[in-house]
Each structure stands twice: as C-alpha cells, then as structure tokens.
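Values in this text are rule-based calculations from the coordinates and carry no lab data. Owing to the predicted nature of the structure, the values given are computational and were not obtained by experimental measurement. Reconstructed Cβ throughout: ideal geometry from the backbone, glycine too, with neighbour counts over all protein chains shown.
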Amino acid sequence: MDAAVFRDPRRRFIPIASRAGAGEMAVLEFGPVDRPVDVIFVHANGFNGQTYRALLAPLSAGLRILAVDQRGHGASRLAADPDHRRNWLDLRDDLLALLTALDQAQPVVLAGHSMGGTVSLLAAAAAPETVRGLVLLDPVIMPRIMAFYAHMPWTSGALWKHLPLVQAALRRRAVFDNREAAFAAYRGRGAFKTWPETMLADYVGGGFKDRDDGKVELACAPAWEASNYSAQAHDPWRAMGRIRCPARLLKAEKGSTSHVGDGAGVMRRHPSIRVETVPGTSHFLPMERPDLAREAIFEMAAG
C-alpha cells in the first residue's frame, strides 16, 4: 500500500430496496472502479461517510471502498422517522440491501466506527456469506445486563429517552449561518477536542445541508441522532456468536463504548474475534489513530 496516494472520492446514489424503507443510499466511492468493492465503511451516529475521507483515501491506491451515509445522515435519500424506534435493525437492513444492490460474487469487508461498527456486526451475523471480514472501531456493545433490559416491553423507549446522552442530542444546535460558522463552533471543543482539523472539516462538509434562507442545517436531525442513542434493543453479543468471518475489534482505552472487558472472554468464546485496546485513545479512535485503523482495514481486505 502506498499511503501517499490520495484520490478524490466519487459521490454516488445507490437505490436500495430495504425492509426499513426503499430509497437511495449516498456513498463516497474510493479507488478503482474496474474491480469489485473491497470494503464498505459505516460511520458513527450523527456523522457521515465524508468524515472518514482522510482515513480511507490512502487505501484507494489498490482497494475499492464505499463510505456510506446511513439512513437519516449525510446525503442519503431514505426516510428517517425517529418515533417508536427500538433498535438498529433498520440500519442493518439498509446495509444488507446495499450488499444486495451491489450484486457481486465477492464478499466484502465491513468496517465501521461506533454505531457503524455495531451495524456492520449485525449485518455480518444476518448474512455471513456476504462478509469476509470485520474491522470494528470501538463499536457500541453494551454490558449484557443492559442489553437484556433493552429488550423488555417496559423499556420501549420511554426509559432510554431520559439518558443524558439522549437529552444532549435533542438540545444540539441544528442551524448555523454557514459551514464556516459550524466549523468554528466545533473546533477544539467537546467531542471534537481531539479531532484533526482536516477530519472536522470533512465532517462539517458532509454533515450539513443548505437551506433556502442561505443558512445550513444538520443533515442528521437531533431527534434522529437521539433515537439512535435510545434504540438499544438489538443484540451484538448474539451477533458475535453468529459471524463466520475473522474480526478485529479495536477498543478505546478511555471512555470506550465496547463493554467487553479486556476482551479475553470474547476471544475465548469466539476465536475468530481479536480484541485489542489502543493505548491513549478515546471513543474517537479513528480520528486519533487513523494510521492504526487504516492498517487494520488494509490487512483485513488484503488478507
């Protein structure tokens, strides 16, 4: 891999017939078009595919990669109703529909950050014949007891909506005068404190839509972002037992959302899964150590 090679990605809209609702999924396509898709990259909650351009672009010398905008995010044209959501199976079904739309004989590597990692895991468990490897960058895996309670009828959303993370998402500012103002408001603050400016600029570039009044608005509505935090009645633990492909889980050292302990128990039960804690990283591991994330994706795709 020549890490110095950068190629501008191409914007595509791919029609998908998802059980969650048909429409067009927006993707950024990296690399040569004369080969099957090697990697599909799935972003975190509230983000978009363009956020990870600097991470993925160096891989375009030899790999064909699609960075998707999930339902309710970025430029995708897929209905996103936050009411009554209980899980991320709608996002899983969108990813499965994209794999069907690609209609290629060669299975792909799925890679993802945070929610995107979990959605990738759920998809690999549902259609193992279509996935040949997983790279999970601090995926959201709740403790088993919390996953159990998330499935109970009395936790159909009302309880989870009171979580501080959900409330913070609902209060998030959605409209700015322009993208430059949004960038200035985010730079060096809060969740973006450890981000390189290039990745922050890409996040803002792909994460806002233009309004008729000349201002810009978050493409991922705060209510949709909040619904992703509260909709936790899916089961990544069960999915780990159903995948057939090798998987690498890179876990943040501080504030990780992957509640798998040191990973030793997971690796004993599931020998195909390799869990690694990356020193000095937070949940924003791909922004802080893109070199390690990139190498993990390349090794899985080239293996």
Legend entry - the chain: relative contact order as a whole-number percent, Cα under 8 Å and 6+ apart: 21 percent
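Taking a ≥ b ≥ c as the square roots of the eigenvalues of the Cα gyration tensor of the stretch 163-204, is the shape rounded (a/c under 1.5), prolate (a/b larger than b/c) or oblate?
Details: a/c = 2.62, a/b = 1.39, b/c = 1.88.
In terms of gyration-tensor shape, oblate.
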Legend entry - 5 angstrom amide H check on S76, placed H, neighbours 5+ away: A26
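Provide the packing ranking of 108-117, 212-221, i.e. peptides ordered by the mean count of other C-beta atoms within 10 Å per residue, highest first. The partial results should precede the final answer.
Details: 108-117: 27.8, 212-221: 15.5.
In descending order of packing, they fall as 108-117, 212-221.
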Inset, instruction - Using amide H atoms built 1.01 Å from N in the peptide plane, name the residues 5+ places from V42, or on other chains, whose amide H lies under 5 Å from its own. - result: A111, G112, H113
Inset, instruction - Just the number, please: percent antiparallel of the DSSP beta bridges in the chain, rounded to the nearest 5. - result: 40 percent
Inset, instruction - Mind putting together the pair-distance distribution for the chain? All Cα pairs, 20 Å bins, whole percent per bin, short to long. - result: 35, 61, 4
Inset, instruction - Using the Karplus curve 6.51 cos²θ - 1.76 cosθ + 1.60 with θ = phi - 60°, work out ³J(HN,Hα) for each residue of the stretch 277-293 in order, rounded to whole Hz, and write x for Gly and Pro. - result: 8, 9, x, x, 10, 9, 4, 8, 3, x, 7, 8, 9, x, 4, 5, 4
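Looking at the square roots a ≥ b ≥ c of the eigenvalues of the Cα gyration tensor of the stretch 169-303, which shape do they give, rounded for a/c under 1.5, prolate if a/b is larger than b/c, or oblate?
On the way: a/c = 2.38, a/b = 1.84, b/c = 1.29.
In terms of gyration-tensor shape, prolate.
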Inset, instruction - For V131, enumerate residues with amide H under 5 Å from its amide H, sequence gap 5+ or separate chain, H modeled in the peptide plane. - result: V108
Legend entry - FRET efficiency, D291 to D103 (Cβ-Cβ, R0 41 Å, nearest 0.05): 0.75
Inset, instruction - Kindly provide the helix-only [θ] at 222 nm of the chain, computed as the sum of -39,500 (n - 2.57) over DSSP H runs of four or more divided by all residues, to the nearest 500 deg cm²/dmol? - result: -9000 deg cm²/dmol
Inset, instruction - Let me know the Rg and Dmax you get for the stretch 1-102 when you use only its Cα atoms, in Å. - result: 13.9, 46
Legend entry - Contact order relative to length of the stretch 232-280, as percent, for alpha carbon pairs under 8 angstrom and 6 or more apart: 44 percent
Inset, instruction - Whole Å is fine, so just give me how far the alpha carbon centre of the stretch 219-291 lies from that of the stretch 36-79. - result: 18 Å
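Loop only per DSSP, at most 16 neighbouring Cβ atoms within 10 Å: give me the chymotrypsin sites (Phe, Trp or Tyr not before Pro) in the stretch 5-103, ordered by residue number.
On the way: sites: F6, F13, F30, F41, F47, Y52, W88; in loops: F6, F47, W88.
Counting only loop positions with at most 16 other Cβ atoms within 10 Å, the chymotrypsin sites (Phe, Trp or Tyr not before Pro) in the stretch 5-103 are F6.
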